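Single-structure report; data block below.
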Amino acid sequence: DGQDDLDGLRRAGRVVAEARDAMLAAVAPGVTTADLDAVGRSVLRSHGARSAPMSVGFPAATCVSVNDEAAHGIPSPARVLRAGDLVNVDVSAELDGYWAATGASAPVGEVAPVATRLLDATREAQREAMAAARAGRPLRHIGRAVQRCARRRGFSVIANLAGHGVGASLHEAPSVSSIEDPGDHTLLWEGLVLAVEPFLSP
């Protein structure tokens, strides 16, 4: 029933969030992206969760992207983090038949002021996008919220990276754009589960 689904989604969500937070806590100059992936993989394993990337043949348990890679970076023992970098971790997994996805970015040591502003603006865009995600309201208002926040803070939106429905599988309809499409008349509905994923750039 609905409550069982909600509980299953929450459990899966807690596991990917724990992996994400453990990976971000390990971010430091000199650490490799493979080191971060090993941290995430260990957390997923400890809960009996199955890495979504590995289930489709990706060579690592998580995605770790540095600077202008933005997303879907392949962890590597040769990719060493340096002070001033921005690193993004993306964790998605299945637990007991439920799928969840999360991601976040963090600075490596001291970073340029523009990088700090970019992180703050993206977090703000995420909050505003989540506030726009309400049953009965247009799906496109999520993209509108991201766009407006980015513009207000002096950044642009990476348009080809989108969020998505999630739950019974990793990628479900609808696609959740960070750009408003005035021609999209989709209304959000009760019970829909979304991964809202704004990506901003200078």
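The values are calculated or read from the model by the stated rules, or taken from the named source; none is laboratory data. Everything numeric here is computed off the predicted structure, so don't read it as measured data. Cβ coordinates were reconstructed from backbone atoms using ideal geometry, including for glycine residues, and neighbour counts include every protein chain displayed. For accessibility, only protein heavy atoms count, side chains too; no ligands or nucleic acids. Shrake-Rupley method; radii C 1.70, N 1.55, O 1.52, S 1.80 Å.
Please label the shape of region 1-72 as rounded, prolate or oblate, based on the square roots a ≥ b ≥ c of the eigenvalues of the alpha-carbon gyration tensor (a/c under 1.5 means rounded; beyond that, a/b larger than b/c means prolate, else oblate). Because a/c hits 1.5 or more and a/b exceeds b/c, region 1-72 counts as prolate. Once you have a ≥ b ≥ c as the square roots of the Cα gyration tensor eigenvalues for region 45-202, tell me rounded if a/c is under 1.5, and otherwise prolate or oblate according to whether a/b is larger than b/c. It comes out oblate by the Cα gyration axes.
Towards the positive end of the charge dipole of region 1-64, with charges on Cβ (+1 Lys, Arg; -1 Asp, Glu), say which of A19, S46, A34 has the farthest Cα. After comparing all options, I get A34. The residues of region 77-146 present an accessible area of 45 Å² per residue when probed at 1.4 Å with all protein chains retained. Under a Cβ-Cβ cut-off of 12 Å, what is the net charge of the residues other than S105 that fall near it, where Lys and Arg count +1 and Asp and Glu count -1? With Lys, Arg at +1 and Asp, Glu at -1, the net is -3. In loop segments of region 110-195 as defined by DSSP, the GluC sites (Glu not before Pro) with at most 11 further C-beta atoms inside 10 Å of their C-beta are E110, E190.
Centroid-to-centroid, using Cα positions, region 63-107 and region 3-34 are 11 Å apart. Helical runs assigned H by DSSP (4 residues or longer) give the chain a calculated mean residue ellipticity at 222 nm of -12000 deg cm²/dmol, each run adding -39500 (n - 2.57) before division by the residue total.
Nearest 0.05, what FRET efficiency do R152 and R82 give at R0 = 30 Å with Cβ-Cβ as r? For R0 = 30 Å, the calculated efficiency reads 0.45. Membrane-span-like helices in the chain, defined here as complete DSSP H runs extending at least 15 Å along the helix axis by their C-alpha atoms with mean Kyte-Doolittle hydropathy no lower than -1.0, are 2-25, 33-46, 113-132; this is a sequence and geometry rule, not a statement about a membrane. The C-alpha radius of gyration of region 74-164, expressed as a fraction of 2.2 N^0.38 Å, stands at 1.28.
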